[in-house]
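Student: Shown below is the structure under consideration.
Computed from the coordinates by the stated procedures, all read-outs in this text should not be read as laboratory data. All values reported here derive from a predicted model rather than from experimental measurement. Positions of Cβ are backbone-derived with ideal geometry, glycine not excepted, and every protein chain shown enters the neighbour counts.
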Amino acid sequence: MMRKRPLKVALLGCGVVGSEVARIMTTHADDLAARIGAPVELAGVAVRRPSKVREGIDPALVTTDATALVKRGDIDVVVEVIGGIEPARTLITTAFEHGASVVSANKALLAQDGEALHALAEDKDRDLYYEAAVAGAIPLIRPLRESLAGDKVNRVLGIVNGTTNFILDKMDSTGAGYQEALDEATALGYAEADPTADVEGFDAAAKAAILAGIAFHTRVRLDDVYREGMTEVTAADFASAKRMGCTIKLLAICERAADGGSVTARVHPAMIPLSHPLASVRGAYNAVFVESDAAGQLMFYGPGAGGAPTASAVLGDLVAVCRNKLSGATGPGDSAYTQLPVSPMGEVVTRYHISLDVADKPGVLAQVATVFAEHGVSIDTVRQQGRQDGGGEASLVVVTHRASDASLGGTVEALRNLDTVRGVASIMRVEGE
Ligand code: HSE
């Protein structure tokens, strides 16, 4: 017979995710109690619009005063699913000050202020868990923080934004342009009315900062993450990728340098071979590929957004935090002990696919090749195709061997200064080989 007092949970936000958290807490109450060792009770739900009918939630629990709720003093766990920096940050801080542990789904806040929030949680001897902040339902934070705690992670390569994966997948499978694919994503509810956070890579960059910090046991801030969106990817880029046996994905890439002395974190569109497991991640799904010394290659795959999938991750954290509370312990917290510096993008080494519009006349290929050589960038393949429009121009596609981003940048700048190069149509990194 379970005699323990119920653990009290305050829910901040009752939208797509919050309402699912409340629903599962009610429908799975007995299982959750059995797994935790004590019942969990929804003690209050802070919302913006109290008049909205919320099925399955006792109206007496609903309040617009989130601050008073987190200050009550009898709350064991605050679940924050509001998102954004404020008021979430102040509410979480207040929750710790008043004795609660926190479960959050807030990637932007954790990427920006994770260090301070972890420090406060540790100071107050409370938990801060946020599995739902990265890739929705997919277990990633816990595997990196706990299951791989005895291994050495060298690389995390992932599709961590479903909206952009849906758009790129549509472009790949139908030959559509970016705008057409975005319009479809919007019509189907995958893209928000303002898609900037997704298509410009801000959402993925926040997730990359969190993943890199945990994977490499160091501090990676949002500002440390190099970011390029995917709005300039064209149908021509996909055609080129196909000719190389590749597709294009918006990737979050976190790497430990070969000498182990630094790390990098970046988000940008990239070509990956069709044979790479990430190439077959379709629609709005997410997947993260982890490479470590002992485990080798691991892949985590699943729904990266949505009410119920994200609530699944929140509930998993809630169970863990409640168990910790009952045993009088806290779970693993911040682990940024390696203090590895984050190198700038210029030091990243990868391969490149460069598409140039050039004059179609003798010596141009040699001129272009010389520029690559002068910057220490070795060419792997070159493909030239004359245009049929009689304008005396050709398309030149150069794929390089591995080179630093700074060397490639210098090469492209010099190419732009050549009279015979009419334009640089696209530059895309090639990953996953
Ligand atoms: N907007 C995100 C995506 C989900 O499309 O994956 C929340 O991070």
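Student: Quick one: Cα convex hull volume of the stretch 317-385, Å³ per residue? Show your work: numbers first, answer last.
Tutor: Numbers: hull volume 12.8 nm³, N = 69.
Measuring per residue, one finds 186 Å³ for the Cα hull of the stretch 317-385.
Student: Give a residue-ordered list of calculated ³J(HN,Hα) values for the stretch 53-59 (Karplus: 6.51 cos²θ - 1.76 cosθ + 1.60, θ = phi - 60°; whole Hz; x for Gly, Pro).
Tutor: 3J(HN,Hα) across the stretch 53-59, in whole Hz: 6, 10, 4, x, 10, 4, x.
Student: Can you tell me the alpha carbon radius of gyration of the chain divided by the globular rule-of-thumb value 2.2 N^0.38 Å?
Tutor: Compactness ratio reported: 1.11.
Student: Based on the mean of other Cβ atoms within 10 Å per residue, sort peptides 359-365, 106-112 so the most packed one is first.
Tutor: Order by mean packing, descending: 106-112, 359-365.
Student: For the stretch 129-168, take N as its residue count and report Rg(C-alpha) divided by 2.2 N^0.38 Å.
Tutor: So the stretch 129-168 has a normalised radius of gyration of 1.36.
Student: Using the count of nearby Cβ atoms within 10 Å as a rough guide to exposure, how do S101, S407 rank from fewest to most? Intermediate results must be reported in sequence, preceding the final value.
Tutor: Working: S101 28, S407 18.
Ranked by crowding around the Cβ, least crowded first: S407, S101.
Student: Using only the Cα atoms of the stretch 141-302, construct the convex hull and provide its projected area averaged over every direction, in square nanometres to one decimal.
Tutor: 9.4 nm²
Student: Report the Cα-based extents of the stretch 67-225 along its three principal axes, largest first, to the nearest Å.
Tutor: 56, 40, 26
Student: Okay, next question. Ranking Y129, Y178, Y352 by Cβ neighbours within 10 Å, fewest first, what do you get?
Tutor: Y178, Y352, Y129
Student: Whole percent per 10 Å bin, from 0 to the bin with the longest distance: what is P(r) over all C-alpha pairs of the stretch 346-430?
Tutor: The percentages, shortest bin first, are 19, 56, 22, 4, 0.
Student: Next question, about the same structure. Starting from the coordinates of the alpha-carbon atoms of the stretch 292-433, obtain the Kirkwood hydrodynamic radius over all distinct pairs and give the value in Å to one decimal.
Tutor: About 19.7 Å for the stretch 292-433.
Student: How do D183, D74 line up, fewest other C-beta atoms within 10 Å first?
Tutor: Sorted ascending by nearby Cβ count, the order is D74, D183.
Student: If you don't mind, another one. When the Cα centres of the stretch 27-68 and the stretch 285-306 are compared, how far apart do they sit, in Å?
Tutor: So the two Cα centres are separated by 32 Å.
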